[in-house]
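I have placed the structure first, in the form of structure tokens, so that the comments after it can refer back to it.
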Amino acid sequence: MGVGENERLKDTLLVKKPWGHFIQYTHNEVCTVKILTVNPDQMLSEQSHQKRDELWVVLDDGLRVEIDGQQIDPQPYDEIVIPRKAKHRLISLGKKARVLEISFGHFDESDIQRFDDLYDRGQTPEK
């Protein structure tokens with residue numbers, strides 16, 4: 001069902017309804033949900049997290065994902081699992097694009113180790 005299938009996607013549920021369907025990614029589980037918007041030709045830092053896994057659900061085309069040196073050009077609705085400690089980055093390929101991010105585990109913006117950053121933030125946690 002997704003790019004980088006693993007245990008995190010095994011409980012994903014597709015529920016059909018008369019009006020269409022919904023996809024359930026988590027059920028009664030502690031998590032943090034965000035929508036990441038990447039501006040045209042911008043990128044997140046190459047980073048990793050020690051305390052959380054992430055599931056990215058791509059909302060728009062025009063993105064590239066790097067995970068531990070592997071590049072993926074996902075399509076909308078692709079699901080990408082970012083295991084804790086994996087180096088990862090999200091890159092815009094010339095247009096504004098979004099990803100739904102579901103973080104599992106302890107979410108804290110100070111749990112970011114940066115390896116490469118266009119904005120010279122170094123190892124300083126985001127606040």
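Tabulated results
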{"quantity": "W19-Q70 pseudo-label distance in nm [points 7 Å out on the Cα-to-Cβ vector]", "calculated": "3.7 nm"}
{"quantity": "Spin-label zone in the stretch 80-106 - amide nitrogen under 16 Å from a point set 7 Å from the Cα of T12 along the C-beta vector", "calculated": "80-83, 99-104"}
{"quantity": "Options [x] 90, 30, 20; [y] 63, 39, 25; [z] 50, 32, 25 - which one matches Cα extents along the principal axes in Å as calculated here", "calculated": "[z]"}
{"quantity": "Whole-number percent relative contact order across the chain, with pairs defined as alpha carbons under 8 Å at least 6 apart", "calculated": "32 percent"}
{"quantity": "Per-peptide average of other Cβ atoms within 10 Å, ordering 70-81, 44-55, 22-33 highest first", "calculated": "44-55, 70-81, 22-33"}
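FYI, it's all coordinate maths here, none of it is from the lab. In this text, all values refer to a predicted model and were calculated from it rather than measured experimentally. Methodologically, a virtual Cβ is constructed for each residue, glycine included, from the backbone with ideal geometry; neighbour enumeration extends over all protein chains shown.
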